[in-house]
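Following: one structure in structure tokens, then a few remarks.
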Amino acid sequence: MMKSANREKLEQQGYCIIPGIFEQSMMEKLNQWSGKVLENVSENHRTQFKAQGCRVDISDYPDFSEIIGHEALAALFDELDLGGHVFSCGSIISKPPSSPALFWHQDWWGWDDPMSYTDRIPQVNMMIYLSPTSADNGGLRVIPGSHRQKHSIHEIPGEYGSAMSRVEEPDHPLYQLWEEEYAIKVQPGDVVVKDARLLHGTYSNASNEDRTLLSLNFNPNYSGLPAGMQSRIKKIFMREWKFDGHSVPNDLQMVQWPELYRGKIEHLFPSCADDVTPLNFNFSPDLDLLSRAEHS
Ligand SMILES: O=C(O)CCC(=O)C(=O)O
């Protein structure tokens, strides 16, 4: 199969932007459901996740099954040759008006496995922004190519779900502008497809509106992944782990969703034998291996 231009871009730059795949009625529903979610967010959560704004696990809200299992997303996985995928986790992320930047980081946790240093894409993050989003209102910024190549940001320690999320040191270099950064601009209905290994962050939200997105993580060709990685994905999916300070109102698992919702996405649930040891969580790439990968 010939690679699509979007697939080429995803491989080379670590992301691609697909314009207008969701119709307006879908976006209206997403806005309505997200509005309900945001009403339930506690002040404590917002304090713990000041850099993100807030970050609510989608497993607590079965309404969203319609978007996770949406046929336009399924078609996109086919177009990008990312089929055989499973869903691992997702969030509703919302930055309130006048809120700070999200620090630079990457989302991949599987750096202990050598496969992470190859062209094989272990996880993609499908990002669906609910309003026009750019550098002025907390838009996404990325370092193109950093999913496969070492960048100075990799050398700066910064942990998700920590003092960085609480913005205890606003002058920290991980909140600042970097010369190589690229500002992503999107409209409602677009999807940003991001390799989970890509360095990214956001601008501050200088507008007077909430800036909200759905962030959905999937693992392409799940059956071809190493067993330990599959096992970790299943644990993430089953919520058998916690971030520090991660408080959610319901704590539901998707397998517990009523049939009406679960039925739309059950084919995307990861399965794996119970006796497999999950791959260790390691969010820090080995920089020697990453710089070698850069030249391979
Ligand atoms: O808020 C955003 O635009 C992106 C958030 C994100 O990528 C993250 O929290 O890892």
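Among the conditions (1) touching a strand residue (DSSP E or B) at 6+ places or on another chain (Cβ under 6 Å); (2) in contact (Cβ under 8 Å) with a residue 40 or more places away in the chain; (3) under 17 Å from residue 140 (Cβ atoms), residue 13 misses just one, which is (1).
Could you check, for segment 136-148, whether at least one of its residues is closer than 20 Å to residue 82 by Cβ, more than 16 Å from the ligand (Cβ to nearest atom) and crowded, with 19+ Cβ neighbours inside 10 Å? Yes, segment 136-148 contains at least one residue that is closer than 20 Å to residue 82 by Cβ, more than 16 Å from the ligand (Cβ to nearest atom) and crowded, with 19+ Cβ neighbours inside 10 Å. Taken over segment 81-117, the criterion of being within 15 Å of the ligand (Cβ to nearest atom) and aliphatic (A, V, I, L, M) is satisfied by 92, 93, 101, 102.
Table: residues versus (1) closer than 21 Å to residue 35 by Cβ; (2) in a strand (DSSP E or B).
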| position | (1), (2) |
| --- | --- |
| 171 | no, no |
| 177 | no, no |
| 194 | no, yes |
| 198 | no, no |
| 207 | yes, no |
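Filter segment 199-221 down to the residues that are farther than 21 Å from residue 62 by Cβ and surrounded by 22 or more Cβ atoms within 10 Å (Cβ to Cβ) and list them by number. Residues satisfying the conditions are 199, 200, 201, 202, 203, 205, 211, 219. For residue 32, the conditions (1) farther than 30 Å from residue 221 by Cβ; (2) surrounded by fewer than 17 Cβ atoms within 10 Å (Cβ to Cβ); (3) touching a residue at least 24 places away in the same chain (Cβ under 8 Å) all hold with the exception of (3).
When you check residue 264 against the structure, is it in contact with a helix residue (DSSP H, G or I) (Cβ under 6 Å, 6 or more places away or on another chain), modelled with pLDDT of 95 or more and among the basic types (Lys, Arg), yes or no? Against the criterion (in contact with a helix residue (DSSP H, G or I) (Cβ under 6 Å, 6 or more places away or on another chain), modelled with pLDDT of 95 or more and among the basic types (Lys, Arg)), residue 264 qualifies. Just checking, does segment 88-109 include any residue being at pLDDT 95 or above, among the hydroxyl-bearing types (Ser, Thr, Tyr) and touching a Cys at 6+ places or on another chain (Cβ under 6 Å)? Yes, segment 88-109 contains a residue that is at pLDDT 95 or above, among the hydroxyl-bearing types (Ser, Thr, Tyr) and touching a Cys at 6+ places or on another chain (Cβ under 6 Å). Looking only at residues of segment 179-220 that are within 11 Å of the ligand (Cβ to nearest atom) and basic (Lys, Arg), we find that the one that is farthest from residue 125 (Cα to Cα) is 211. Take the conditions in contact with a Ser or Thr (Cβ under 8 Å, 6 or more places away or on another chain), away from the ligand (no atom under 16 Å from the Cβ), within 21 Å of residue 8 (Cα to Cα) and among the polar types (S, T, N, Q) and apply them to residue 123. Does it pass? No, not satisfied. For the subset of segment 64-110 comprising residues that are touching a residue at least 40 places away in the same chain (Cβ under 8 Å) and of a type in the set (D, E, K, R), which member is surrounded by the most Cβ atoms within 10 Å (Cβ to Cβ)? Checked segment 64-110; the qualifying residue surrounded by the most Cβ atoms within 10 Å (Cβ to Cβ) is 95. Scanning segment 191-219 for residues that are basic (Lys, Arg) and within 9 Å of the chain's Cα centre (by Cα) yields one hit, 194.
The values are calculated or read from the model by the stated rules, or taken from the named source; none is laboratory data. Quick caveat: nothing in here was measured; it's all calculated off a predicted structure. Glycine also receives a Cβ, built like all others from the backbone with ideal geometry; neighbour counts cover every protein chain displayed.
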